[in-house]
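Colleague: Got a structure here, written out as structure tokens. Questions coming.
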Amino acid sequence: MSNISTVDLFCGAGGFTEGFKKASGFETILAIDFDKQAIDTFKHNHPSVRTICQDVVAIDDKKLNDLINNREVDVVIGGPPCQGFSLAGPRLPDDPKNRLFKEFVRIVDVLKPKVFVFENVSGIVSMQRGLVLEAICTEFTKIGYTVSHGILNSAQFGVPQARPRFIMIGTSSGKCMTMPSPTHDYPQNCNPDLFGYVRSPFITVKEALSNLPRIEQGQGDEILDNTPPRNEYQKRVFGNRRPGILYNHRATRHSQKIIDRYLAIPQGGDIRSLPPELRTRKNNIFRLLDTTPSRTITCNFRTDILHPWQPRGLTTREAARLQSFDDDYQFFGNLTRKARYVTQDDQVGNAVPPLLAMALAKHIKEIL
């Protein structure tokens, strides 16, 4: 059986493609993103995939078909930025705010895959009292797709992070697809069901991070020797590109005042836990609780999400562990924002967790 051909739009660092690769049987034949550093990361980790660093708006229908050598495409995946949708009555007009989503629809219409997967923030469901979601469904229906959608929590699929994501699956066959069934749950819910199916307990922050080389604030390096895994999750993300190598484990240096502030925040607490003299106007600083999955990893994890055992923010590698990237998945780019390029942290924070993507890929493979 030939591989299931896939095109990855707005591919970023490659979390979606990584998960589809882990599901086996899929071949990403084209990946597109406008950011050079994200494309550098994607190309390094997926050297066999044709990658294009360009705004999708500049890729017309003919060029798109040329890029895939006029091959048949089975699946299109992607998560275009959809902040601030513009509505005109019950529809999405040709407004700059809708441009990238409209391009996603256009490319799906040109490539005519059997299935597409559209990923986005969970808040898209309630945007403008549900009218945005209704308009999105209408756009895909107009080009011949039957759609289903839901909110999937990454923690329910083996990711050590409670990250809710909106997932829409469209099919050209007329069949309305279900969402994949969760594989993980709270420990008290992991008893066999009526059919004997048993879910695994959620992966905790401690399980994800406990064997990483201990580094203090300001320490670490872009390439380090890895340490042996201590549990099944750590074995799973140990990596097979360069086993034993650990990338992007470098911590930010903080002032003593910031260290004192971080030391005073308990596990599972936030800046509101501090006495008034240690607080700042910034309220969204949280310390991870090591007995549960992580809260959602954002692009600001160096300052907003604190290590559970040390008074510092996370490293790129720690955040990547909580996103379920393998340890030898290497990210390129700056740690701080320079020029217009996204940072390593942006690439990790914006990514689709590979293990969530793998669950979606396996579910799609059942009907393809």
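The values are calculated or read from the model by the stated rules, or taken from the named source; none is laboratory data. Computed from a prediction, not measured in an experiment: that's the story for all the values here. Here the Cβ is made from the backbone with ideal geometry for all residues, glycine too, and neighbour counts use every protein chain on show.
Colleague: Restricting the search to the stretch 252-289, which residues are within 28 Å of Pro354 (Cβ to Cβ), in a loop (DSSP other than H, G, I, E, B) and touching a Leu at 6+ places or on another chain (Cβ under 8 Å)?
Modeller: Across the stretch 252-289, the qualifying residues are Thr252, Gln267, Gly268, Ile285, Leu288.
Colleague: Return yes or no: is Tyr329 surrounded by fewer than 22 Cβ atoms within 10 Å (Cβ to Cβ), in contact (Cβ under 8 Å) with a residue 40 or more places away in the chain and more than 19 Å from Arg287 (Cβ to Cβ)?
Modeller: Here the answer is no, as Tyr329 does not meet what is asked.
Colleague: Now a separate question. It is to be established whether one or more residues within the stretch 154-164 are surrounded by fewer than 21 Cβ atoms within 10 Å (Cβ to Cβ) and farther than 30 Å from Asn189 by Cβ.
Modeller: The answer is no; no qualifying residue exists.
Colleague: Could you grab me the full set of residues in the stretch 173-220 that are surrounded by fewer than 11 Cβ atoms within 10 Å (Cβ to Cβ) and under 16 Å from Leu322 (Cβ atoms)?
Modeller: None; the set is empty.
Colleague: Take the residues of the stretch 268-291 that are loosely packed, with under 15 Cβ neighbours inside 10 Å and of a type in the set (S, T, N, Q): which is farthest from Gln188 (Cα to Cα)?
Modeller: Thr280
Colleague: Which numbered condition in (1) farther than 23 Å from Lys362 by Cα; (2) assigned to a helix (DSSP H, G or I) is the only one that Tyr233 fails?
Modeller: Unmet for Tyr233, out of (1) farther than 23 Å from Lys362 by Cα; (2) assigned to a helix (DSSP H, G or I): (1).
Colleague: Shifting gears a bit: For the list (1) of a type outside the set (Phe, Trp, Tyr); (2) part of a loop (DSSP other than H, G, I, E, B); (3) crowded, with 24+ Cβ neighbours inside 10 Å; (4) free of Cβ contacts under 8 Å to residues at least 40 places away in the same chain, I need the number of the one condition that Ala351 fails.
Modeller: (4)
Colleague: What do you reckon, is Arg242 out of contact with any helix residue (DSSP H, G or I) (no Cβ under 7 Å at 6 or more places or on another chain), of a type outside the set (A, V, I, L, M, F, W, C), outside any loop (DSSP other than H, G, I, E, B) and farther than 12 Å from Gly313 by Cα?
Modeller: Values: out of contact with any helix residue (DSSP H, G or I) (no Cβ under 7 Å at 6 or more places or on another chain): yes; of a type outside the set (A, V, I, L, M, F, W, C): yes; outside any loop (DSSP other than H, G, I, E, B): no; farther than 12 Å from Gly313 by Cα: yes.
It is false that Arg242 is out of contact with any helix residue (DSSP H, G or I) (no Cβ under 7 Å at 6 or more places or on another chain), of a type outside the set (A, V, I, L, M, F, W, C), outside any loop (DSSP other than H, G, I, E, B) and farther than 12 Å from Gly313 by Cα.
Colleague: Check whether at least one residue in the stretch 314-324 is of a type outside the set (S, T, N, Q) and either at pLDDT below 95 or not assigned by TED's automatic domain parsing to the domain that holds Ala251 (or both), and report yes or no. First the steps, then the outcome.
Modeller: Our first condition is that a residue be of a type outside the set (S, T, N, Q); within the stretch 314-324, this holds for 314, 317-322.
Of the ones still in play, those that are also either at pLDDT below 95 or not assigned by TED's automatic domain parsing to the domain that holds Ala251 (or both) are none.
The answer is no; no qualifying residue exists.
Colleague: Return the total of residues in the stretch 146-187 being under 17 Å from Gly19 (Cα atoms) and in a loop (DSSP other than H, G, I, E, B).
Modeller: Looking only at that region, the number is 9.
Colleague: Would you mind telling me which numbered condition in (1) among the hydrophobic types (A, V, I, L, M, F, W, C); (2) crowded, with 24+ Cβ neighbours inside 10 Å; (3) farther than 17 Å from Tyr341 by Cα Phe42 fails?
Modeller: Only one criterion is unmet by Phe42, namely (3).
Colleague: Please work out if Ser294 is touching a residue at least 40 places away in the same chain (Cβ under 8 Å), at positive phi and either buried (at least 18 other Cβ atoms within 10 Å of the Cβ) or not aromatic (Phe, Trp, Tyr) (or both). Outline the logic, then answer.
Modeller: Details: touching a residue at least 40 places away in the same chain (Cβ under 8 Å): yes; at positive phi: no; either buried (at least 18 other Cβ atoms within 10 Å of the Cβ) or not aromatic (Phe, Trp, Tyr) (or both): yes.
Taking the combined requirement at face value, the residue does not satisfy it.
Colleague: Among the candidates Ile169, Ile259, which residue alone is surrounded by 12 or more Cβ atoms within 10 Å (Cβ to Cβ), β-branched (Val, Ile, Thr), without any contact (Cβ under 8 Å) to a residue 60 or more places away in the chain and farther than 16 Å from Arg321 by Cα?
Modeller: Details: Ile169 fails: without any contact (Cβ under 8 Å) to a residue 60 or more places away in the chain.
Within the list Ile169, Ile259, the selection yields Ile259.
Colleague: Taking only the stretch 55-87 into account, find how many residues are more than 27 Å from Ala135 (Cβ to Cβ) and without any contact (Cβ under 8 Å) to a residue 60 or more places away in the chain.
Modeller: 7
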